[in-house]
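Notes to accompany the following structure.
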Amino acid sequence: MKFAFALLAGLLGPAAAYGQADSSSEGLLNLSLESLLDTEVSSVLKHASGLADAPAAVTVLRREDIERLGATTLPDLLRVVPGLAVAQVDGNKWAIGSRGFNGFFGSKLLVLIDGRSIYNSTFAGVFWDAYDIPFDNIARIEVIRGPAGVLWGSNAVNGVINIVTRSAQETQGGRVEVGAGNVERHLADLRYGAESTGAAWRVYARSRDRDEQKSAVGVAPGDTTRAERVGFRADSNHPGPTAWMLTGDAYQGRSGGAPYPQPTTDDLHGEHLLGRLTHRLSSDSSLQFQAYYDHGWRKDLAVGSVLDEKVLDLDLLHDIQASPSHRLTWGTGWRQYRFDSDGSAKLAFVPSSRITTVSNLFVQDEWSLLPRELVVVGGLRAENLPDHGLQWQPNLRVAWTPTSRHTLWAASGKAVRAPNKVDTALRYCGPLGTSSACLPGGGGAPPAYGNPDFLPERVVSLEAGWRTRLSAHLSSDFAIYENRYRRLETIEIAPTFTNLTYYNHAKGTTQGLEWALDWQAADTWQLRGGITLYKERLVFAELPAQPSPIISFHDSFPNRQAFLRSLWDVAPNHRLDVTLRGAGPLWHRGVPGYGTADVRWTWRYDKGLQFSLIGRNLGGPEHRELGDQPFFQETVLRRELVGLVTVTF
Amino acid sequence: MAPWLRLLVFAGCLLGLASEVWCAVPESEVRAAIVVNFIHYVEWPDGPPPTADIRICIAGHGSTADALLGFNGKAIHGRRVWVERAPAASVIGNCRMLFVGELSNRSPIDWLREVAGQPVLTVSEGEDFLPNGGIISLNRSGSRITFDVNLLAMRRSNLRIGSQLLRLARDVHGK
């Protein structure tokens, strides 16, 4: 941490000197409009990645970021968010972690699309292949690191990724995008939007087929990906106190997996429908009601096991400016998961179906102690988890904005990770389904069984940050944290010696630093960079009864990561964007560090026609990013080249 | 800024690479001054005297929004402007002007809905603002700032905009 304070001190010095620029602006005020319009201006930083005075570690990817990242999949967009680690497992599986504990079943990061949780309660993670929405739909992606349980509920242990789609008003007219490359066999996106009195709407469709990556062990990788998707969004567009939004989509696809040793290919399909009603009760208070239904189904083709999850969610949110200095938000929610599974010799759940209901009540007060200068935000959520009763998740945040250029904030909170079906109900009989205990006479590694007595994991965090605009062209966003975990998940041999199972026998501390810099280096050139440092110390809280226990997700998050992006407007209709990124090694998993480059070049021929060329993983050796997972064989990422043509009308 | 970075910028200036960036008038200040200047060209239906104090409200954040806040309490051609941040919905109606910063937790559409039908001059930046019912949108063309006006939205708000302003606009929609 000494390092962090040295940095702070080094940055504060020159920042103070910039305060003097104010005197000239008053002169500007008394110029005529004509002369102002005639004034040559230098460019400023177009967008800093953070929210200026939010009392939390927040990064926002806006449309320009999303378009210019040279990403071809949603998870790849998140590689340039400090504090996150994105590791690709194979062609259609990713592990994304915030502030530690990364894994395909990473469990401690909540992901939402328009307020709909896409965090799968069965195994506590995100099946990213089921949420491959077109980038054209996305308005912005907000990433909040640190516990955010008050507003978002359980599982927002180390952060929330909130994907916000564009309103139908913003996507009027037609758009066609087609692409192909060495990995991307084809990508086709269609969208059409129109507006009438009362409502605006859009419909879209996507078809995608991706080739396999490379095997790390010399077999056919088999991780091809194919998916088709259709969807819509409608928004009310009439003035007045009431507004509504309705959105939905449906998809089907096949996600391949490398033999392990049997093929691990999944067929999948699903659909969702979400409606939101916002009503302004009075000028100081507004009410929001949201409901959604979400269904996801997937089947392992080799062994025939099926996972099926249906979610029904109702949420009410009331926002009220109770007095000039108090802004009160409270809400309540109810969510029901209907889980069904067909077991196989390899993978099953006991019980095989279950209905669980989670309900919550939360309140948060934003108290402006000194208007615009000192804000205290306190919140508390009570969540009723099945089998574990009420879980309290408090949070306290303070933000001090001494001048419009600086915000210092600090926060402390407690969050809970609810047990999932893997922790409590799993029956995994090894990759071949022949583990001795599952199949009499079988051999190999012992099977893994869920433990019905597994308890929620807990974290208490302390974090602080400093966000500043050093000049009109340079902004910096800095955060440090320390998280203390209790009841962390361990995998141990059960007392019966017949199987492995899950316990809460570990505890630990993680510390980290995240720093992002955005610099408008010239009128036509932006540079964005970031570093993420991480350190963990996880230990057993009690002496394990049996030998060789494992703490889940230990050493899964690189100790250091960095990225540097260059966004260059070469000419009015040519853009060249380069991202350099690297991550340190995961020693205990035998995954070496890597550094690589992504490049995107775009030529806008005219208002309606654009050509893009994207290259990914261009630099450095072809690399693995996470190491093998319990259920899959990791593949090695190929260098990827894809060309895209976009027509709008 | 770390010393090495300052050195880098200084070296850049010597080479003429970064001079424009670090020396010319900051864009956000010019944008903010232009926004404040609009008040001279707009007539509100209840007709406040052209010398009265004027209240500008800021929604969201951004460099222009920050620069506008810096003008709070200052006089412009003899008229005092009061600029305040994040007004509660009840008081937005009392604002003569609502400036929507580029960074906001809500979409510009939500802010526009708050003031729909009320005599509030809505100003923002970017391409999406006018199609969604905003009145004036600032843009940049080369090294100069330009603005577009949406006459349809202006009429819906019962405001009148002087022809001189329309002449200075780059684009006038809904004529």
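The values are calculated or read from the model by the stated rules, or taken from the named source; none is laboratory data. Everything numeric here is computed off the predicted structure, so don't read it as measured data. All Cβ positions, glycine included, derive from the backbone under ideal geometry; neighbour counts span all protein chains shown.
Details
- Verdict on residue A:162 being within 14 Å of chain B (Cβ to nearest Cβ) and closer than 30 Å to residue A:462 by Cα: yes
- Taking segment A:212-267 as the range and being among the aliphatic types (A, V, I, L, M) and more than 14 Å from chain B (Cβ to nearest Cβ) as the test, the residues that pass are A:216, A:217, A:219, A:220, A:227, A:230, A:246, A:250, A:258.
- Filter result (touching a Leu at 6+ places or on another chain (Cβ under 8 Å) and either buried (at least 16 other Cβ atoms within 10 Å of the Cβ) or aromatic (Phe, Trp, Tyr) (or both)) within segment A:582-601: A:586, A:591, A:596, A:597, A:598, A:599, A:600, A:601
- Any pair with Cβ under 8 angstrom, 6 or more apart, that starts in segment A:167-189 at a residue that is away from chain B (no Cβ under 14 Å) and ends at one that is surrounded by 20 or more Cβ atoms within 10 Å (Cβ to Cβ) and of a type in the set (Phe, Trp, Tyr): A:189/A:204
- Selection count, segment B:156-168, where residues are surrounded by fewer than 16 Cβ atoms within 10 Å (Cβ to Cβ) and in contact (Cβ under 8 Å) with a residue 12 or more places away in the chain: 5
- Within segment B:58-167, helices (runs of 4 or more DSSP H) holding 2 or more residues that are at pLDDT 85 or above: B:63-69, B:151-156
- Looking across segment A:270-308, the residues that are within 20 Å of residue A:93 (Cβ to Cβ) and either in contact with a helix residue (DSSP H, G or I) (Cβ under 9 Å, 6 or more places away or on another chain) or of a type in the set (Phe, Trp, Tyr) (or both) come down to A:270, A:296, A:297, A:298, A:307.
- Residue match in segment A:384-402 (condition: at pLDDT 90 or above, away from chain B (no Cβ under 14 Å) and more than 30 Å from residue A:125 (Cβ to Cβ)): yes
- Scanning segment B:1-57 for residues that are under 25 Å from residue A:516 (Cβ atoms) and either assigned to a strand (DSSP E or B) or modelled with pLDDT of 70 or more (or both) yields B:26, B:27, B:28, B:29, B:31.
- Failed criterion for residue A:190 (all others in (1) modelled with pLDDT of 90 or more; (2) crowded, with 19+ Cβ neighbours inside 10 Å hold): (2)
- Restricted to segment A:329-371, and to residues there that are part of a loop (DSSP other than H, G, I, E, B) and touching a strand residue (DSSP E or B) at 6+ places or on another chain (Cβ under 6 Å), the residue that is modelled with the highest pLDDT is A:352.
- Scanning segment A:536-572 for residues that are assigned to a loop (DSSP other than H, G, I, E, B) and surrounded by 13 or more Cβ atoms within 10 Å (Cβ to Cβ) yields a total of 11.
- Qualifying position, being surrounded by fewer than 19 Cβ atoms within 10 Å (Cβ to Cβ), modelled with pLDDT of 90 or more and within 14 Å of chain B (Cβ to nearest Cβ), among A:318, A:326: A:318
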